[in-house]
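Here is the structure we will look at.
The values are calculated or read from the model by the stated rules, or taken from the named source; none is laboratory data. Nothing here was measured: the structure is a model prediction, and the numbers come from that model. Quick reminder, even Gly has a Cβ in these numbers, built from the backbone with ideal geometry, and neighbours come from all protein chains shown. These area figures cover heavy atoms from the full protein model, side chains too; ligands, DNA and RNA do not enter into them. Shrake-Rupley method; radii C 1.70, N 1.55, O 1.52, S 1.80 Å.
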Amino acid sequence: MRGQVEYRPDGSTFSARLIGDYTRDKANGFHSVVVDGPAAGAGPWSQARARVAALRGGLSVRESLPDWNTYKGDAYPSPQALSRKAWA
């Protein structure tokens, strides 16, 4: 959401503008984009994707694999998620 307010008195060259922005974003992790071309299918993600696709009966180009990383200090892998709010 974005809003603007401008103040410009009559008969003056003075003007002031106040601009405010707000955003809220939620996602369940990053999306790995399918690569088409000579390098397609050469990396470890492509092999894992092929195995998951075989088990599920296929994956569309809009589906990707979940990413569960173990970060320093974590005892177990955690799902990737994003939740943020921003004001400007």
Could we say that Ser60 is of a type in the set (S, T, N, Q), in a loop (DSSP other than H, G, I, E, B) and either at pLDDT below 85 or in contact with a Ser or Thr (Cβ under 9 Å, 6 or more places away or on another chain) (or both) here? yes
Checking Asp67, Asp21, Asp10 in turn, the sole residue that is at pLDDT 85 or above and open to solvent by less than 60 Å² (accessible area, probe 1.4 Å) turns out to be Asp21
